[in-house]
Amino acid sequence: MAVWAALAWLLLGAAVLAFLLYCAYVKSVHLKYDHIPGPPRHSFLLGHWPLFVQSLDNSDFLLHDHLLEWTKTCGPLIRLNIFHKAVVFVLSPEAVKEYLMSPKYTKDVFYNQLFNLFGVRFLGRGLVTDQDYDHWHKQRRVMDPAFSRTYLTGLMGIFNEKAEDLTENLMGKADGRTEVRMHDLLSRVTLDVIAKAAFGLELNALHDDQTPFPRAVSMAMKGIMDLRNPFIKFMPGKRKYVKEVQESVRLLRQTGVECIERRKAAMQRGEDIPTDILTQILKGAALEEDCDHESMLDNFVTFFIAGQETTAGQLAFAVMELARHPEIMEKVRAEVDEVIGSKRDIDYEDLGKLKYLSQILKETLRLYPVAPGTSRWLEDDAVIEEVKVPAQTALLFSMYIMGRMDKFFPDPLTFNPDRFSSDAPRPYFTYFPFSLGPRSCIGQVFAQMEAKVVMAKLVQRFEFRLVAGQSFKILDTGSLRPLDGVICRLKPREDTAGSW
């Protein structure tokens with residue numbers, strides 16, 4: 001008995017010693033970083049972690065807005081503590097230029113967490129998550145042909161086809177009374193676009209309410225957000241949710257397996273193969289001796305999610321703002337009528353003529369950058385905005401915050417497409433919705449072509465009115481989306497004389 005008591009006291013002593021050593025380490029981190037401005041910590045041990053938990057549990061709480069408010073007292077650098085770690089938000093155009101434009105600063109270690117999602121391989125070492133610059137650059141060069149002007153021009157048929165599917169679907173609801181949650185439909189149509197344009201896959205998500213893919217993508221994005229909570233896998237009330245996220249990731253990867261096998265078989269039969277993303281994934285695999293099946297699936301899932309979620313959010317926010325600003329809608333409608341007229345299919349040459357629509361889409365991404373920020377890893381000590389930042393620090397760059405600072409954009413909360421007119425001053429490293437430099441988004445031209453086609457058709461065909469009572473708040477699900485889903489009533493343009 002005495003032996004067991006002694007052992008218990010020994011274990012307790014060891015636990016107390018470990019806790020005290022951990023507290024000492026946390027204190028050393030505070031001493032190392034507390035010269036950098038930051039909001040008050042919630043507690044010594046937790047730091048600002050309760051803020052991240054609140055952003056996960058409360059859809060009305062947007063952490064980005066609190067960070068924006070803190071810029072007024074903290075300045076261009078904001079330090080946050082999360083347990084024994086510190087991260088630094090950097091809101092300086094000069095720093096954006098330095099750290100995003102140079103290849104010597106890798107993505108920070110957060111991207112390692114996206115290799116798996118709750119124990120299931122997720123993005124692995126795909127283009128978004130790969131921290132090894134040389135390996136990433138090799139992948140990027142292989143993928144470039146899938147985003148060449150020649151290939152993108154050839155996608156106009158798919159963009160038109162799927163956008164036309166959307167307008168036909170909406171025509172059945174455009175009676176001035178039916179409430180339509182626009183974000184849901186836009187998510188489905190962008191899913192159909194990326195599936196067919198990138199992988200030759202017909203999902204028909206727009207018309208098939210039973211297809212699991214929209215929910216699988218949403219669950220995967222929610223899983224990314226919940227990585228902020230390291231304990232979620234062990235919480236009894238979250239087991240069902242964690243399992244659903246895991247099954248969603250497995251579905252996406254299994255779909256990739258099936259697409260890859262079909263494409264390989266078509267290549268072996270000597271069929272004509274498009275220079276799409278799937279073909280380039282296979283070519284990249286052939287060039288790498290150590291590339292296995294899982295590596296190919298990493299990029300399949302990366303493009304499947306990134307090519308759908310962000311464009312859907314941008315389109316939904318654009319519809320919301322046009323419905324809130326009839327004077328802007330009138331101006332863009334006049335442009336669409338002049339350039340497109342009543343024709344069904346939009347030509348590639350038409351896109352360059354839709355200049356005001358381009359300004360609307362750019363202003364949408366300023367106010368609502370669907371991918372709100374990016375990060376880089378600081379290997380060595382640096383001085384940023386006259387403040388020393390220690391080595392081994394994650395630097396976070398927020399397009400959302402910088403896009404809403406009146407220092408960079410006068411009257412920043414006003415939706416004003418004229419900020420991006422040809423004679424307006426260009427933003428100086430304060431506008432980067434697709435990131436900047438060598439790690440900028442490879443699919444940004446693809447995404448904006450798709451968005452232009454869809455928006456042009458919506459403007460051409462419909463009048464929108466927002467259903468009263470919506471909050472216009474933003475939901476962070478890994479990417480930003482309208483909290484209420486942009487609920488509208490629609491009418492065909494030729495039928496707007498009557499009452500709503």
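Throughout, read-outs are computed from the coordinates displayed, never taken from laboratory work. Computed from a predicted model, the values in this text were never measured in an experiment. Here Cβ is always computed from backbone atoms with ideal geometry, including for glycine, and neighbour counts include all displayed protein chains.
Return the calculated 222 nm mean residue ellipticity for the chain, to the nearest 500 deg cm²/dmol, obtained by summing -39500 (n - 2.57) across DSSP H runs with n ≥ 4 and dividing by the residue count. Mind showing how you got there, number by number?
Values: 17 runs with 254 residues, N = 500.
Per the formula, -16500 deg cm²/dmol.
Find the relative contact order for the chain and round it to a whole percent, using C-alpha pairs within less than 8 Å whose residues are 6+ positions apart. Don't jump to the answer; show the numbers that get you there.
Values: 702 pairs, mean separation 114.4, N = 500.
Relative CO of the chain lands at 23 percent.
For F118, no residue 5 or more places off, or on another chain, has a built amide H under 5 Å of its own.
Short-range pairs are left out: with C-alpha atoms under 8 Å and at least six residues apart, the relative contact order of region 102-189 is 16 percent.
Below 12 angstrom from the Cβ of R181, what's the summed charge of the other residues (Lys, Arg +1; Asp, Glu -1)?
Numbers: positive: K173, R188, R481, R489; negative: E179, D184, D484.
It works out to a net charge of +1.
Here the residues T178, T150, ranked from fewest to most Cβ neighbours within 10 Å of their Cβ, fall in the order T150, T178. Per-residue 3J(HN,Hα) values for region 430-447, derived from phi via the Karplus relation 6.51 cos²θ - 1.76 cosθ + 1.60 with θ = phi - 60°, read 10, 10, 8, x, 10, 6, 9, x, x, 9, 5, 5, 5, x, 5, 5, 3, 5 Hz in sequence order (x marks Gly and Pro). Scanning residues 5 or more positions from D108 or on other chains, those with amide H under 5 Å from its amide H are S375, R376, W377, with H placed 1.01 Å from N in the peptide plane. Taken over region 254-305, the alpha-carbon convex hull comes to 74 cubic angstrom per residue.
Suppose every K and R has +1 on its Cβ and every D and E has -1 on its Cβ; what is the size of the dipole of the chain about the Cα centre, in Debye to the nearest 20? Roughly 1020 debye for the chain.
The slack in the chain from H42 to V29, taken as 0.36 nm per residue of separation less the alpha-carbon distance, amounts to 3.1 nm.
Applying the Kirkwood pairwise sum to the alpha-carbon positions of region 210-301 produces a hydrodynamic radius of 15.2 angstrom.
Cα centroid separation, region 353-406 to region 274-329: 21 Å.
Classify region 53-124 from the C-alpha gyration tensor, please: rounded if a/c falls under 1.5, else prolate or oblate depending on whether a/b exceeds b/c. Provide the component values of the computation, followed by the final result.
Details: a/c = 2.18, a/b = 1.13, b/c = 1.93.
The shape class here is oblate.
Placing a label point 7 Å from the Cα of E494 along the Cα-to-Cβ direction, the residues of region 332-353 whose backbone N falls under 19 Å of that point are 333-334, 336-346.
Once you have the Kirkwood Rh of the chain from its Cα pairs, apply Stokes-Einstein at 4 °C and 1.567 mPa s and quote D in µm²/s. Intermediate values should be presented prior to the final figure.
Working: Rh = 24.5 Å.
It comes out at roughly 53 µm²/s.
Using the Cα centre of region 352-401 as the reference point, and only Cβ charges (+1 on K/R, -1 on D/E), how large is the resulting charge dipole? Debye, rounded to the nearest 20.
Computed about the Cα centre, the dipole is about 560 debye.
Taken one residue at a time, the phi angles of region 107-124 give Karplus couplings (6.51, -1.76, 1.60, θ = phi - 60°) of 5, 7, 5, 4, 5, 4, 5, 8, 4, 10, 10, 6, x, 10, 4, 10, 8, x Hz. Gly and Pro are set to x.
Roughly how big is region 55-198's charge dipole about its Cα centre, with Cβ charges of +1 (Lys, Arg) and -1 (Asp, Glu), in debye to the nearest 20? Intermediate results must be reported in sequence, preceding the final value.
On the way: 18 positive and 19 negative charges, 113 e Å.
Taking the Cα centre of region 55-198 as origin, the dipole is about 540 debye.
Rounded to whole Å, give me the distance from the Cα center of region 439-465 to that of region 150-205. Here the answer is 11 Å between Cα centres.
Relative contact order of region 1-102, please, whole-number percent, based on alpha carbon pairs below 8 angstrom and at least 6 residues apart. Let's see the in-between values first.
Values: 84 pairs, mean separation 26.4, N = 102.
About 26 percent, as a whole number.
Using a Förster radius of 22 Å, what is the FRET efficiency between D418 and R465 based on their Cβ-Cβ separation? Nearest 0.05, please.
Working: r = 24 Å, r/R0 = 1.10.
That pair, D418 with R465, gives E of 0.35.
Applied to region 339-353, the Karplus parametrisation 6.51 cos²θ - 1.76 cosθ + 1.60 on θ = phi - 60° returns per-residue 3J(HN,Hα) values of 7, 9, x, 10, 6, 7, 9, 8, 8, 4, 5, 5, 4, x, 8 Hz, with x for Gly and Pro. Please label the shape of region 295-372 as rounded, prolate or oblate, based on the square roots a ≥ b ≥ c of the eigenvalues of the alpha-carbon gyration tensor (a/c under 1.5 means rounded; beyond that, a/b larger than b/c means prolate, else oblate). Cα axes put region 295-372 in the oblate bin.
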